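S.K.: Got a structure for you, written out below as structure tokens; questions coming shortly.
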Amino acid sequence: MKKLLILSACLLALASSPVAAQTSGPEVTTVSIYNGLDMQIVITRGEGKSEVIVVSYKESRKNPTVREEACQKVFAKLYQEGYTLKGTYGGGYNSHIENTLLFIKG
């Protein structure tokens, strides 16, 4: 009798369809880097959730590595939060001025 009950339970478990996991899409963050006299790094995590980091021309004249250090700090923070770089694109004829990086967490 026990074997019949166990067999019935197993068949019932196999016959029922698993509940589909309901998850939202992956979290996407874009990082746009504008290299003019002043460098701006714009981190966008969604509408109304943007952060702007500005490295002034005066700062970069005093310390030539301050721009790269600002970028490294942003990238390290995103990787620490679990984001992965998935793609990059430039700004057309101004590609030396603007570059955008696409990070996805998921």
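S.K.: Please determine, by comparing only the residues of the range 36-88 that are free of Cβ contacts under 8 Å to residues at least 12 places away in the same chain and among the hydroxyl-bearing types (S, T, Y), which one is surrounded by the fewest Cβ atoms within 10 Å (Cβ to Cβ).
M.R.: This residue is T65.
S.K.: Sticking with this one: Starting from residues that are more than 18 Å from K105 (Cα to Cα) and surrounded by 11 or more Cβ atoms within 10 Å (Cβ to Cβ), keep the ones in the range 1-35 and report whichever is modelled with the lowest pLDDT.
M.R.: Selected residue: N35.
S.K.: If you don't mind, another one. Answer with yes or no whether Y79 is modelled with pLDDT of 90 or more and touching a Lys or Arg at 6+ places or on another chain (Cβ under 6 Å).
M.R.: Answer is no for this residue.
The values are calculated or read from the model by the stated rules, or taken from the named source; none is laboratory data. This is a predicted model, so every value here is computed, not measured. Methodologically, a virtual Cβ is constructed for each residue, glycine included, from the backbone with ideal geometry; neighbour enumeration extends over all protein chains shown.
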